Amino acid sequence: MALVIIFITMFMLFTAHQPAPAAAAAAPTAEDYASARKLVSDGIWGIVSSLDYLNGNSPFGNVLSYSDGGKGVPFFYLTTLDEATANFTAADSRASLAVSQYAVDGCPGLDPQEPLCSKVTLSGNLVKLDPQSREAEFARAALLNRHPRFSNLPPAGNFQLYKLKIKGIFLINSYKDSPKKLSVRDYLKVA
């Protein structure tokens, strides 16, 4: 009988201190999708993260310039001579691009970490573009428009065009409903 009382007491103590289940996240709104697209389109650089296969698959972040040409898909000019880019050309091409509103307009009156200072992370795979494709032509024009100095990159640098093939989108833009997972399809539909 004493064991039953101890068991019941332990059960009650254990269950009394369990956190309440998390509330279901609110569905993203049209404004959330527009906010994410605006951040990516207005930004010119972000942090691209991958796994550093040369260092035991440790997480690795690198500041990189990009342009989406107003279409929502980020394009990059990368060299395989850089160890950071070599991470993307290894067997695992998974990567993410994080862009903060702070880098775009400074989030006046806010700290960069505050949820009201919007930030978006696009995750997926970095894919090298066929240099003769229309997509590469578009990417090159978009990048040179936002980063004119790219026209001076040395040929020996072996710079190549890449895009982030987006598989997931994570948006923080409020105290109440953040973070939000956005549909890639709906994100790309935003005009």
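Figures for the structure shown
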{"quantity": "Test for ALA22: is it assigned to a loop (DSSP other than H, G, I, E, B) and at pLDDT below 90", "calculated": "yes"}
{"quantity": "Test for ASP186: is it in contact with a Pro (Cβ under 9 Å, 6 or more places away or on another chain), acidic (Asp, Glu) and more than 14 Å from ASP68 (Cβ to Cβ)", "calculated": "yes"}
{"quantity": "Strands (runs of 3 or more DSSP E) wholly inside segment 88-186 that include at least 1 residues being touching a helix residue (DSSP H, G or I) at 6+ places or on another chain (Cβ under 6 Å) and not aliphatic (A, V, I, L, M)", "calculated": "180-182"}
{"quantity": "Scope segment 171-187; condition in contact with a strand residue (DSSP E or B) (Cβ under 8 Å, 6 or more places away or on another chain) and either at positive phi or not polar (S, T, N, Q) (or both); matching residues", "calculated": "LEU171, ILE172, PRO179, LYS180, LYS181, LEU182, VAL184, TYR187"}
{"quantity": "Subset of segment 79-113 that is crowded, with 19+ Cβ neighbours inside 10 Å and at pLDDT below 90 - its residue that is farthest from ASP130 (Cα to Cα)", "calculated": "ASN87"}
{"quantity": "Some residue of segment 159-170 being touching a Pro at 6+ places or on another chain (Cβ under 6 Å) and closer than 30 Å to THR29 by Cβ", "calculated": "yes"}
{"quantity": "Matching residues, segment 136-182, being within 15 Å of GLY69 (Cβ to Cβ) and surrounded by fewer than 15 Cβ atoms within 10 Å (Cβ to Cβ)", "calculated": "GLU137, ALA141, LEU144, ASN145, PRO148"}
{"quantity": "Count - residues of segment 154-173 that are over 26 Å from LEU39 (Cβ atoms), touching a residue at least 40 places away in the same chain (Cβ under 8 Å) and among the aliphatic types (A, V, I, L, M)", "calculated": "0"}
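The values are calculated or read from the model by the stated rules, or taken from the named source; none is laboratory data. From a predicted model like this one, the values you see are computed outputs, not experimental measurements. Here the Cβ is made from the backbone with ideal geometry for all residues, glycine too, and neighbour counts use every protein chain on show.
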